[in-house]
Each structure stands twice: as structure tokens, then as C-alpha cells.
Amino acid sequence: MMKRLFTLLCALCSCLLPVLRKSAATVSAQTGTTAYEFLNIPTSAHSAALGGNNVSAVEDDATFLFTNPALIANVADKTLNFNYMSYMSSSTKLSASFVKAAGERGTWALGGQVVSYGKMKETTANFEQIGEFSASDIAIQGGYTYMLTDRWSGGVQGKVIMSNYGEFKSTGLAVDLGVNYYDVDKGFSFGLVAQNVGGQVDALYDKTEKIPFNLAMGVSKDFANAPIRLSFTFQDLTHWDSDYYTVNDKKLSAGKRFINHFALGADIFPSDQIWVALGYNFRRANEMKVLDSSHWAGFSLGGGISIKKFKVGVAYGKYHASSSSVIVNASYAL
């Protein structure tokens, strides 16, 4: 029954994909702006430490729901997860997820994330302050993952996305579709995911904006003779035009445009309960350069520990030119 349900969900999403992509392409022709950029801010400390949007590392980690839904097949039953991230200035990101096994091969997952930008000044056209307003972005998501074979898993999840900026509000709908291949004997994992396939239902202003669609794939490899895992992630595989890669009003060369799709990550496992990770994201480093210096943007690091059913992960990275960020994850298997 669950396998038929998963097949039905995938078939439904396959039917929706051309419509959603056509809508996104039309919107892209209307405007160069992108709504809901907060969806690109990392939620998982482990994924962030590996360079950002890792889609292939196989772990018992509920936060991977926010990168590749197919990876949720590896999460312990009844796992409850809470996350915190310090963003720019007084902005913060909070998120949570819950993962529940469904039979021998299926897994359900629910999640939500909110970015609060705090209070902002409300002014007239002449810059006279007339009050204050709150600004926030919210996403609620739910999905299902199924072990198609002993090595292949597939996941699909839907999202309802909302922005609230004072009296201006918008709503969007999107889906994530992901697959993962994992050979435990060879320590090899491959992940492929289409993130944020969808469009706006209601726009903040007169024109609708495109949603930050991301087609990403990655590989991760363990080594039998060393407690190390390397990860390579390729992102934004549908964006190769020079206009998309303009930094500080300068168009990047073909070589830099290519390398900007690439992120590197390395895990070190001192024990079965501890992980330490380092990563480098080329695009983030190039986009945040100021006076030819990236000020360590692009680099990330983190670590985590498991104590019985309790897991904690912490990561450091730079996701805005004005400040650095810390991500904290805490999970417990009920």
C-alpha cells in the first residue's frame, strides 16, 4: 500500500513539474528578482559545515529533511528536532521537524521554519517615520520517503511558503523531489534533488517573483582505512547564464561560473558518537568579496555529538556580508 502511495505521489509531482517549471520560466521573464530567498539559508548544522547544501551524506539526522527528503529514510523513528540560527543583525531563524517511520520501508516527516527580521521602521515617501512593523518568512512542509530497494530511496515533500512584511503578504507553493543511492559496503552515496519547484500564489507587489529553484546533486565517500568522508556537491545546475553570475556589477568568467556551482566538504569521525566537518562553498566566497577579500566567506566548519538518543550539532559559516552565523541543532528519538 505504501509503495503504491509513493508511486502515486511521484506520478502526481511528475505531472505538476512541467506546469510549475513553465510558470517559473514565465515569472523569470517578467522580473529578475527572487522571492523566498530564506529557503537558501542552511538549516542543518551538518550540511552547512560541509559547504552548505549537502544532498548526499547519509546520517541519522532529521535536519536533512531541509536538503534532500530521500535522506530521511536513514533517520530513527519518532525523532523530534529543534534548530536555531543567528542570521544578519537581529535576524534569527528557528525551525523544527518530526520524523516517523511508516512500516518497514516508509518514513513520514513534518517540518517548519521561520525567519524573523525583527522590527523595522515604517516611513513615508519623504522618509518620515510613522511607526514600526514586523517582517518574517515562514515555510511549512511535509513529505514521505520510501526505500525503493535496499540501496535506493526516493522522497517527495510539499511546502507552503509565506512572507509577512507589515501590510504586505505573499504565499507560495513548492515541492522537493529527491533520490539517494547508498552502498554501505563501499561507503558510497549519491544524491539528486530538485528543490523548491513551484511558484507564488499571491505576490507581495504587483508582479509575481520566481521561487529559488535549485537542482543539485552530490556524492559522498567513506574510506575503510581512515575515519574520513569526503563530499562533493554541485548546485544550481539549471543556471549557467552569465547574467545570473554577476558579482559587484562584474560578470564572472566561464571558469568562475563553473566553479561557483561546486562545494567541497570533509567529515572526520574521532569516534562513532562524534563528527567534525569542514567545507568550502565557491559561490558564497565569490559573491561576498569586498575589496577583493571574502573575509573567510565560503569556509564553514562544525561538529556534533550523539549521547544515546540525544544528538547535538553546531556549525559556523558566513551567509551575509555583514555578519557570520551560528547554527545549532538538537534532536531526540522519543
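Values in this text are rule-based calculations from the coordinates and carry no lab data. Not measured: the values here are computed from a predicted model. Glycine also receives a Cβ, built like all others from the backbone with ideal geometry; neighbour counts cover every protein chain displayed.
Once the Cβ-Cβ distance between Glu104 and Thr238 is put in as r, and R0 is 35 Å, what FRET efficiency do you end up with, to the nearest 0.05? FRET efficiency, Glu104 to Thr238: 0.50.
Net charge near Pro42, counting Lys/Arg +1 and Asp/Glu -1 over other residues with Cβ under 12 Å of its Cβ? Write out the running numbers ahead of the final one.
Details: positive: Lys93, Arg284, Lys318; negative: none.
So the surrounding residues net to +3.
On full extension, the segment bounded by Val328 and Ile307 gains 6.0 nm, given 0.36 nm per residue less the C-alpha separation.
Per residue, the average separation of C-alpha pairs within less than 8 Å and at least 6 apart gives the range 74-142 a relative contact order of 25 percent. Computed from backbone phi, the HN-Hα couplings of the range 225-233 come to 9, 8, x, 10, 9, 9, 10, 10, 10 Hz, rounded to whole numbers (Karplus: 6.51 cos²θ - 1.76 cosθ + 1.60, θ = phi - 60°; Gly and Pro given as x). Under a model in which nothing but the beta-carbon of Lys, Arg (+1) and Asp, Glu (-1) is charged, the range 34-185 shows a dipole of about 260 debye around its Cα centre. Holding the Cα-Cα limit at 29 Å, pick out from Lys119/Lys207; Lys221/Lys309; Lys119/Lys309; Lys119/Lys318; Lys78/Lys159; Lys100/Lys207 the pairs that are longer than that. Result: Lys119/Lys309; Lys100/Lys207 exceed 29 Å. Full extension of the chain segment joining Thr123 with Thr92 gains 8.8 nm, where the gain is 0.36 nm per residue of separation less the Cα-Cα distance.
Our coupling estimate for the range 179-195, obtained by passing each phi through the Karplus curve with A = 6.51, B = -1.76, C = 1.60 and θ = phi - 60°, is 10, 9, 10, 9, 9, 5, 5, 9, x, 10, 9, 10, x, 9, 8, 10, 9 Hz, Gly and Pro reported as x.
Ranked by the mean number of other Cβ atoms within 10 Å per residue, highest first, peptides 49-56, 174-181, 71-78, 264-271 order as 49-56, 174-181, 71-78, 264-271. For the pair Val201 and Asp77, label points projected 7 Å from Cα toward Cβ lie 3.4 nm apart.
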